[in-house]
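Asks: The structure's right below; bear with me while I get my questions together.
The values are calculated or read from the model by the stated rules, or taken from the named source; none is laboratory data. This one's a predicted model, so the numbers in the text were calculated from it and none came from an experiment. Glycine also receives a Cβ, built like all others from the backbone with ideal geometry; neighbour counts cover every protein chain displayed. We work out accessible area using only protein heavy atoms, side chains counted, and drop any ligands, DNA or RNA first. Shrake-Rupley method; radii C 1.70, N 1.55, O 1.52, S 1.80 Å.
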Amino acid sequence: MTAVRMTQGLMVSSTLRNLQMGLSKYADLQEQLSTGKRVIRASDSPTDATASMRTRVSIADSEHFVRNAQNGLGWLTTADTALSSMGDSLRRARELGIQGANGASSSTASREALATEVDQIRAELISQANTTYLGRPIFGGTTAGSVAFDATTGAYVGDTGSVQRTIGKDVKVRVDVAGTSVVGPNGASMFDDLAALSTALRSGDQTGISSALDSLANRQTAVINAQTTVGSTYNRVDNAVQTGQDSLVALRTSLSEVEDADLPQTIVDLQMQQVAYQSALSATSKVMQQSLIDFLR
């Protein structure tokens, strides 16, 4: 068996290589301590780096869904408030119509007062139907305009598109309200019904008043139905927000487990590596100081 002879050059080279490895390990631990991360680059741990990238993609997706859902809640909250106000206005308009139908206001002046208030309610309802969220009319579909209904005539000027938000993977919900489904079509809308009621009240036309009241009752039902739909959609979207936020907590915890350094353990490792490196330096200095006379003794 042939013995391997360790020359001075090989010994120095090996010693320096080990010293460099110790210094590199010490630097890595310092970087982990300063950043708080165990996986800083893919070369630190290819498996963990891959898991980290996948988790970050999932986090980005969840954050996107949560933002969409929160935006949707804004639309739905605004719609619910507008519909509630519209319901109150319609209720008051019918109360005025019923007064006129019961003959409680038989004089011309009293009928004019009822009609004037109905006109005011009509204008108020048009304003409520033009409620916007972030500058977009909530009853106007996807129109690029700032209103859903003409401020004077009450005619619908929006479109038939719908505003949707993606709140989960392949999950979309509508967050606006179709204006004509609540107000009715042009020529037979609640604004037209209110105009007819106002005219009938001024003239004392009982048949006209009764017909307008029936039409307004249908519009009240439409408002209630729309508000019910908005409420159920709100609950669904709100649940999506809660689910998404819970998912983000779990994902971020998972990411932390993969990437983050155990700081107490890292401090201990750093101290141990510092001691080992200092010992290696001391040993290296002794090896480098050996002279030819030392080897000849």
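Asks: How about the stretch 107-185: which trypsin sites (Lys or Arg not before Pro) there are in a DSSP loop, with at most 16 other Cβ atoms within 10 Å of their Cβ?
Replies: Lys169
Asks: Moving on to the next point. Quick one: accessible surface of Thr47, probe radius 1.4 Å, all protein chains present, in square angstrom to the nearest 10.
Replies: 110
Asks: From the phi angles alone, apply the Karplus equation (6.51, -1.76, 1.60; θ = phi - 60°) to the stretch 156-162 and give each ³J(HN,Hα) in whole Hz, x where the residue is Gly or Pro.
Replies: 6, 10, x, 10, 8, x, 10
Asks: Further question on the same structure: Using a 7 Å offset from the Cα along the Cα-to-Cβ direction at both Met53 and Asn102, what is the distance between the two label points in nm, to one decimal?
Replies: With each label placed 7 Å out from Cα toward Cβ, I get 7.6 nm.
Asks: Long-range amide H contacts for Tyr133: which residues qualify at under 5 Å (H placed 1.01 Å from N, peptide plane, sequence gap of 5 or more or a different chain)?
Replies: Sorted by chain and number, the residues that satisfy this are Ile138.
Asks: Only residues of the stretch 68-107 count here: report those whose backbone N is under 17 Å from the spot 7 Å along Cα→Cβ of Ile224, or say none.
Replies: Hits in the stretch 68-107 for Ile224 at 17 Å: 83-95.
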